[in-house]
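Shown next, in structure tokens, is the structure this report addresses.
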Amino acid sequence: MKGRISNKLGEVNISTDVISTYAGTVAVECFGVVGMAQVSVKDGLVKLLKGEALQKGIEVSIEDNTISLKMHIIVAYGVSISAVADNLIENVRYKVTEFTGMKVQNVEIFVEGVKPID
């Protein structure tokens, strides 16, 4: 489902792919996040995503013009996972709300792995 913003000039539809790409970009800018992760259902393996593939680590659902996000991340070794998750949730919620004009109701974080910073 697409997000929809209406104003006096017309209507704007926002694809979930656009929202997931933007949320992934915001996520990798947060301290302690190495990258987004993609979990292979077949193998159970976790793959670190970079660049344009960031959206594959994020599930976006929109209901009643309200956004819910599920983000699969890999964190840096030695950081507080709870502090990274709290920071990530706040940043993503704020920036996606400002970007889309829609309310972000829920951001779920799934830590899929830990990686030393290169």
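The values are calculated or read from the model by the stated rules, or taken from the named source; none is laboratory data. In this text the structure is predicted, and so the values were computed from the model without any measurement. All Cβ positions, even for glycine, are placed from backbone atoms using ideal geometry, and neighbour counts span all protein chains on display. Areas reflect the complete protein model, heavy atoms only, side chains present, ligands, DNA and RNA absent. Shrake-Rupley method; radii C 1.70, N 1.55, O 1.52, S 1.80 Å.
Worth a mention:
- Counting only strands (runs of 3 or more DSSP E) that fall entirely inside the range 47-118 and contain at least 3 residues that are under 17 Å from GLU29 (Cα atoms) and touching a residue at least 12 places away in the same chain (Cβ under 8 Å), the qualifying elements are 66-76, 103-115.
- Taking the range 65-104 as the range and being open to solvent by 80 Å² or more (accessible area, probe 1.4 Å) and touching a helix residue (DSSP H, G or I) at 6+ places or on another chain (Cβ under 8 Å) as the test, the residues that pass are PHE99, LYS103.
- Residues of the range 25-64 satisfying the condition of being of a type in the set (Ser, Thr, Tyr) and either surrounded by 20 or more Cβ atoms within 10 Å (Cβ to Cβ) or at pLDDT below 85 (or both): SER40
- In the condition set (1) open to solvent by less than 60 Å² (accessible area, probe 1.4 Å); (2) more than 26 Å from ALA85 (Cβ to Cβ); (3) among the β-branched types (Val, Ile, Thr), VAL12 is compliant with all but (1).
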